[in-house]
Amino acid sequence: MSNVKLNYENVYKGYKIKETDKENFVLLKKGPEVGIRITKLISITVLIITILVFSLLNKSEFAINNINNTNISIIMVLILISIIVHFSLTFLLHIIAYKKVFNIYFKESNEGKFIKLQKAIWKKIKTLVGWILTPDLMMAKYYKKKIMQTLKKKKECICGIQMYQYEELCVQCHDSIRIMNKFFIKFSNWLNVTLTCVLGTLIVGMLLFKNSVVTFFIYILFFTLLYRLLSRTIEIGTAFYKDVVQVKARIFGKVGNKKIYLHGWKDSFIRKPLRISLAVHSLFELLISFFLLYILTYFLFNEIIIDPLTKSKITDYISGESILDFIFYTISITFFNISYTNYNLWLWNLLHVWQVTLSTILIVLSIASYLSYDDDVSERDADFFEDVLPKIGNNS
């Protein structure tokens, strides 16, 4: 047995995963996870149906006014509105994921008023730049930290003096944190896919109508998608890069004994199959986001793209006659196209490089690394899964 595994055995020796954690794991799998999975599948189904219906119509002219005909002051206002919209959606998404886990573990239906929680979030802002660039990443960090703080505050996990501890929490308390983190990350991932599909359904549906109100909302959704994509790509890139490259460690100690260093510590109960699933879900979410941005960019900048003086190469790849053109184009870049072409439209060039970079991180760095990931479990973890898996009927 290696020194790393021996250290883990010494820290966990004699302390099995608590029965309450086993019960809560089953409750999370059979309750909130089922609901969120159904919501995710419904949103994907509705999006696919909307795209198929739209493709059958084969509408060559979309009902959007070109953005270059819009006053710059109006565009700035729309960008500001888009930022507020994304902050609101991101806050709602993460609070749902957090509350689903919180309500199971602490058996409460109401942690406090919405306003108090909102104020608590803003008090935790450490850097304005971080919140502006990627609220998704900052909120994910906030709620993961809040899980640990809440466990300490609620005193749901009582540690004996003879138990190894880290940050005033014993190994069994960290079991609770790892399980809660697993489901928070999983729920957030699925809800992000759901939200993207909902936005996609709205956008594709709106393209069928032509009036000033719809055009106004199309502009808002366009800037919201751009901002959301920036925020999500930073979060996704950071999370998967750190998960693959960064090796965490924890030092546990107890009274009267020397401290033990645990190499390769994992903050969540996420195993190999779920890691691959999260990466695939994120890849699907990004594929839909880029597809929507390509189609909006094409018709918002249509006058520039089709103008022979600009010599845009976009029309060499997309005719604009069918929505399927944009789907196939997006898929080809995601999986096959790593070359760069100057399309003579800066935003399209940016989206192309942006998509190739993120696809490379997810496919080459993350998914490929996870396939060779060592998914060996300790004896106590094996006992835990032996108890809970028969109750939930699957192995995820």
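The values are calculated or read from the model by the stated rules, or taken from the named source; none is laboratory data. Computed from a prediction, not measured in an experiment: that's the story for all the values here. All Cβ positions, even for glycine, are placed from backbone atoms using ideal geometry, and neighbour counts span all protein chains on display.
Descriptive notes on the structure:
- K272 being touching a Gly at 6+ places or on another chain (Cβ under 8 Å), at pLDDT below 90 and of a type in the set (K, R): no
- Qualifying residues in the range 189-219 (those that are in contact with a Ser or Thr (Cβ under 8 Å, 6 or more places away or on another chain) and small (G, A, S)) - the one surrounded by the fewest Cβ atoms within 10 Å (Cβ to Cβ): G205
- Scope the range 323-351; condition in a loop (DSSP other than H, G, I, E, B) and closer than 18 Å to N302 by Cβ; matching residues: Y343, N344, L345
- Checked against the criterion of being under 30 Å from D21 (Cα atoms) and either at pLDDT below 85 or over 24 Å from the mean Cα position of the chain (by Cα) (or both), the range 360-368 contains one or more residues that satisfy it.
- Qualifying residue in the range 312-322 (condition: under 29 Å from the mean Cα position of the chain (by Cα) and either surrounded by fewer than 20 Cβ atoms within 10 Å (Cβ to Cβ) or assigned to a helix (DSSP H, G or I) (or both)): no
- A Cβ distance below 8 Å, combined with a sequence gap of six or more or placement on separate chains, defines the contacts here; from the range 376-392, residues that are under 18 Å from L6 (Cβ atoms) reach residues that are at pLDDT 80 or above in the pairs V377/R271; V377/F385.
One line per residue, one yes/no per condition, for (1) modelled with pLDDT of 85 or more; (2) of a type in the set (V, I, T); (3) surrounded by 13 or more Cβ atoms within 10 Å (Cβ to Cβ):
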site	(1), (2), (3)
F336	no, no, no
V356	yes, yes, yes
L371	no, no, no
L389	no, no, yes
S396	no, no, no
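- Those residues of the range 249-291 which are surrounded by 16 or more Cβ atoms within 10 Å (Cβ to Cβ), of a type in the set (V, I, T) and more than 30 Å from D136 (Cβ to Cβ), in sequence order: I260
- Breaking point among (1) on the phi > 0 side of the Ramachandran plot; (2) assigned to a helix (DSSP H, G or I), for H281: (1)
- Residues located in the range 91-114, provided they are at pLDDT below 55, surrounded by fewer than 12 Cβ atoms within 10 Å (Cβ to Cβ) and either touching a helix residue (DSSP H, G or I) at 6+ places or on another chain (Cβ under 7 Å) or over 24 Å from T224 (Cα atoms) (or both): S109, N110, G112, K113
- Of I185, I218, I177, all but one fail to be over 30 Å from K16 (Cβ atoms) and in a helix (DSSP H, G or I); the exception is I218.
- Positions within the range 317-327 being modelled with pLDDT of 80 or more and not small (G, A, S), in sequence order: Y317, I318, I323, L324, D325, F326, I327
- Single unsatisfied condition, E303 versus (1) in contact (Cβ under 8 Å) with a residue 60 or more places away in the chain; (2) surrounded by fewer than 20 Cβ atoms within 10 Å (Cβ to Cβ); (3) within 27 Å of the chain's Cα centre (by Cα): (3)
- Residue list for the range 356-396, restricted to those being over 24 Å from Y329 (Cβ atoms), assigned to a helix (DSSP H, G or I) and not hydrophobic (A, V, I, L, M, F, W, C): S369, Y370, E379, R380, D381, D383, E386, D387, P390, K391
- Y294 vs. criteria assigned to a helix (DSSP H, G or I) and either at pLDDT 85 or above or surrounded by 16 or more Cβ atoms within 10 Å (Cβ to Cβ) (or both): yes
- Of all residue pairs spaced 6 or more apart or on separate chains, those with beta-carbon atoms under 9 Å, a first member in the range 1-28 that is over 15 Å from F269 (Cα atoms) and of a type in the set (D, E) and a second member that is outside any helix (DSSP H, G or I) and modelled with pLDDT of 70 or more are E9/S378.
- On inspection, L230 qualifies as in contact (Cβ under 8 Å) with a residue 24 or more places away in the chain and closer than 25 Å to I96 by Cα.
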